[in-house]
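Right, one structure below, let's go through it.
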Amino acid sequence: MSVLIAAIGKVEALLALIASVVLFAIMGIVATDVAMRYVFNHPFGWSYDLVSLYLSLALFYFCLSRTYSAHAHVGVDILHYYVSTRTRRVFGLLSCLVSAPLFAAIAIVTLRRAVAAFFEQDVIEGAIEWPTWAYIGLAPLGTALLTLRLLADGAAHAVTLFGGPELIPLPPLARSDEGLDGASFE
């Protein structure tokens, strides 16, 4: 089990690295486009589509699973302050059991749509005919990895609940006067 969790973590790290490069590319393209627009009065005709259709979606989906594993998604954890560690594990398991089928369904539906767009040679009309399958295909990639993470984390929570080792830590509880890194605001 811990080998699977580590492997998922490595894939998440690789996608996060790619997302970092994508973010840098977005900044470079947008800055250059602004300069071309206001300095030379000749903006790129392709930058908006590339950034909004491909790069922004890559940034989102490539970070989706890693953000979950880092406990950085928005969550309602007020009850976690008032329950035992075991109950927090039950909450984690239930969250994984509810979320995994939802993200699996999203992965399947978007994969079908991407495959259909590929075979239909679906494009967005414009100066450049952007293939739609390429950006639609980012969704099943990100959601499938998140589904694997949820299944692995759910199994890890179950193992710990039934007396096994702690395979994944619970997220730390921050006080209201602390930041995410535990530093006090005082």
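The values are calculated or read from the model by the stated rules, or taken from the named source; none is laboratory data. Everything numeric in this text was worked out from a predicted model, so none of it was measured. Virtual Cβ from ideal backbone geometry, glycine too; neighbours counted across all protein chains shown. What goes into the accessible areas is simple: the full protein's heavy atoms, side chains included, and nothing from ligands, DNA or RNA. Shrake-Rupley method; radii C 1.70, N 1.55, O 1.52, S 1.80 Å.
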* Mind checking whether some residue in segment 100-115 is in contact with a Gly (Cβ under 7 Å, 6 or more places away or on another chain) and within 30 Å of Val3 (Cα to Cα)? -> yes
* Asked: Just wondering, is there one or more residues in segment 155-170 that are touching a Cys at 6+ places or on another chain (Cβ under 6 Å) and modelled with pLDDT of 95 or more?
  -> no
* Restricting attention to segment 102-147, which residues are open to solvent by 90 Å² or more (accessible area, probe 1.4 Å), part of a helix (DSSP H, G or I) and touching a residue at least 60 places away in the same chain (Cβ under 8 Å)? -> none
* Structure fact -> Taking segment 92-131 and keeping only residues that are of a type in the set (A, V, I, L, M, F, W, C) and touching a His at 6+ places or on another chain (Cβ under 7 Å), one is left with Leu93, Cys96
* **Selection from segment 61-73 of residues that are part of a helix (DSSP H, G or I) and in contact (Cβ under 8 Å) with a residue 24 or more places away in the chain** => Tyr61, Phe62, Cys63, Leu64, Ser65, Arg66, Tyr68, Ser69
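Hey, among Phe24, Phe40, which residue is open to solvent by 70 Å² or more (accessible area, probe 1.4 Å), out of contact with any strand residue (DSSP E or B) (no Cβ under 9 Å at 6 or more places or on another chain), in a helix (DSSP H, G or I) and of a type in the set (Phe, Trp, Tyr)?
That would be Phe24, the only listed residue that is open to solvent by 70 Å² or more (accessible area, probe 1.4 Å), out of contact with any strand residue (DSSP E or B) (no Cβ under 9 Å at 6 or more places or on another chain), in a helix (DSSP H, G or I) and of a type in the set (Phe, Trp, Tyr).
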* Search segment 43-55 for residues being assigned to a helix (DSSP H, G or I) and among the small types (Gly, Ala, Ser), and hand back the single one that is least open to solvent (accessible area, probe 1.4 Å). => Ser47
* To do: Sort through Ala58, Ala19, Ala13 and tell me the only one that's touching a helix residue (DSSP H, G or I) at 6+ places or on another chain (Cβ under 8 Å), exposed (fewer than 13 other Cβ atoms within 10 Å of the Cβ) and either more than 23 Å from Ala100 (Cβ to Cβ) or touching a residue at least 40 places away in the same chain (Cβ under 8 Å) (or both).
  => Ala13
* Determine whether segment 74-92 contains at least one residue that is part of a helix (DSSP H, G or I), touching a helix residue (DSSP H, G or I) at 6+ places or on another chain (Cβ under 6 Å) and within 23 Å of Ala19 (Cβ to Cβ). => no
* Asked: In this structure, is Val30 over 22 Å from Ala114 (Cα atoms) and assigned to a helix (DSSP H, G or I)?
  -> yes
